[in-house]
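To start, the structure under review is shown below, and the notes come after it.
The values are calculated or read from the model by the stated rules, or taken from the named source; none is laboratory data. A quick note: this is a predicted structure, and the numbers were derived from the prediction, not measured. Quick reminder, even Gly has a Cβ in these numbers, built from the backbone with ideal geometry, and neighbours come from all protein chains shown. Keep in mind that these areas ignore ligands, DNA and RNA; they rest on the heavy atoms of the full protein, side chains included. Shrake-Rupley method; radii C 1.70, N 1.55, O 1.52, S 1.80 Å.
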Amino acid sequence: MGDLVAAVGLALFLLSPLQLFAWVNAELAQGRASAKRIAAVLAAPPAVAGGEAPLPDPVRGHVCLSGVHHGPLSGVDLDVAPGELLGVVAPDPAAATALLSALARDADPPQGTVTLDGTPLSTLDPADLRAAILVAAHHTTLFAGPLMANVTPVRAAGDGPVARAMAAATADEVARGLPDGADTVLGERAQSLSGGQRQRVALARALAADPPVLVLHDPTTAVDAVTEARIAAGIREMRAGRTTIVVTTSPALLAATDRVAVLDGGTVTVVGRHTDLVAADPTYRAAVLA
């Protein structure tokens, strides 16, 4: 009986160390596999080469595309004047994505040039470029934490530019509807907010950054028509004197622009005012008012 008790006691004593040893081996195997994947990502060459040309000082915001071939884009020529609010209508979503990629310099076009104040983007360092041209994609991620930290991590809600950005995007209304206002802590990916509320907070973040050139992609697809019209007016007021490109088919946003360029068949087919294009261009009318 004594031997049995001793054997059982020894087995129970060794059970936990043996379980821990098995767990460590499994974790080590997973860690080695993850480390290999991380090393492969870190060792991958950059998508675009870093340039050495200095960023224009000051950045006026003159953006020019000349003969750009990139994905579905085939010879795009487009000149955006400093301080202009330009709308871009692209019936083909792939063309819109390619245009945003070229402007953000996620990839350099194999043919043609994109310039900022006469300096080719391919000669600029990507980090410097993104301080001058901010491309706010349609699918933007919000983070867990206070709502205001998603808009700006360094300034308070009462800060003038931030307050104006919140009002322009009508994100101040979103904050007022939350228990703790702008200090309300959002869950992972802000799933506690509706799609329209997330879009308004993301737009406020882009406006609060106040870059010399701002590119927005469908920033109001999930908001109602009345709110969309107010946002359009807010963007125009907030971005006065700053170059802004809005890639969208929203009539409310396009009506607030200075000009609209239609990107069809991989190239710019027509440029004009929203009201004139609605009256004279069937393709534009079908894309915007359908």
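At a glance:
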| quantity | calculated |
| --- | --- |
| Close pairs from region 132-154: first closer than 23 Å to Asp117 by Cα and at pLDDT 90 or above, partner among the aliphatic types (A, V, I, L, M) and open to solvent by 50 Å² or more (accessible area, probe 1.4 Å), Cβ under 7 Å, at least 6 apart | Ala132/Leu55; Leu134/Ala209 |
| Pick from region 237-252, criterion part of a helix (DSSP H, G or I) and buried (at least 18 other Cβ atoms within 10 Å of the Cβ), ranking: nearest to the chain's Cα centre (by Cα) | Met238 |
| Hits in region 9-57 - residues which are open to solvent by less than 60 Å² (accessible area, probe 1.4 Å), part of a loop (DSSP other than H, G, I, E, B) and either among the charged types (D, E, K, R) or without any contact (Cβ under 8 Å) to a residue 60 or more places away in the chain (or both) | Ala44 |
| Top-ranked residue in region 279-290 [being hydrophobic (A, V, I, L, M, F, W, C) and either open to solvent by 30 Å² or more (accessible area, probe 1.4 Å) or in a loop (DSSP other than H, G, I, E, B) (or both); ranked as farthest from Asp79 (Cα to Cα)] | Ala290 |
| Meets criteria (closer than 25 Å to Gly71 by Cα and either aromatic (Phe, Trp, Tyr) or not in a loop (DSSP other than H, G, I, E, B) (or both)) for Val270 | yes |
| Conditions (1) over 19 Å from the mean Cα position of the chain (by Cα); (2) open to solvent by less than 30 Å² (accessible area, probe 1.4 Å); (3) of a type outside the set (D, E, K, R): number failed by Thr123 | (2) |
| Failed criterion for Glu173 (all others in (1) open to solvent by 30 Å² or more (accessible area, probe 1.4 Å); (2) closer than 13 Å to Ala206 by Cβ hold) | (2) |
| Residues being open to solvent by 10 Å² or more (accessible area, probe 1.4 Å) and either within 23 Å of Ser101 (Cβ to Cβ) or of a type in the set (Gly, Ala, Ser) (or both) - total across region 212-233 | 9 |
| Residue list for region 253-278, filter: of a type outside the set (Asp, Glu), out of contact with any helix residue (DSSP H, G or I) (no Cβ under 8 Å at 6 or more places or on another chain) and open to solvent by 40 Å² or more (accessible area, probe 1.4 Å) | Arg259, Gly265, Thr267, Val271, Arg273 |
| Of the criteria (1) without any contact (Cβ under 8 Å) to a residue 24 or more places away in the chain; (2) in contact with a strand residue (DSSP E or B) (Cβ under 7 Å, 6 or more places away or on another chain), which one Cys64 fails | (1) |
| Search result, residues across region 73-108 that are of a type in the set (Gly, Ala, Ser) and either closer than 20 Å to Leu253 by Cα or open to solvent by 40 Å² or more (accessible area, probe 1.4 Å) (or both) | Ser74, Ala81, Gly83, Gly87, Ala90, Ala94, Ala95, Ala96 |
| Single match in Ala182, Ala165 (criterion: in contact with a Ser or Thr (Cβ under 9 Å, 6 or more places away or on another chain) and not charged (D, E, K, R)) | Ala165 |
| Segments classed as helices (runs of 4 or more DSSP H), wholly inside region 150-232, with at least 2 members that are more than 20 Å from the chain's Cα centre (by Cα) and over 25 Å from Thr243 (Cα atoms) | 171-176 |
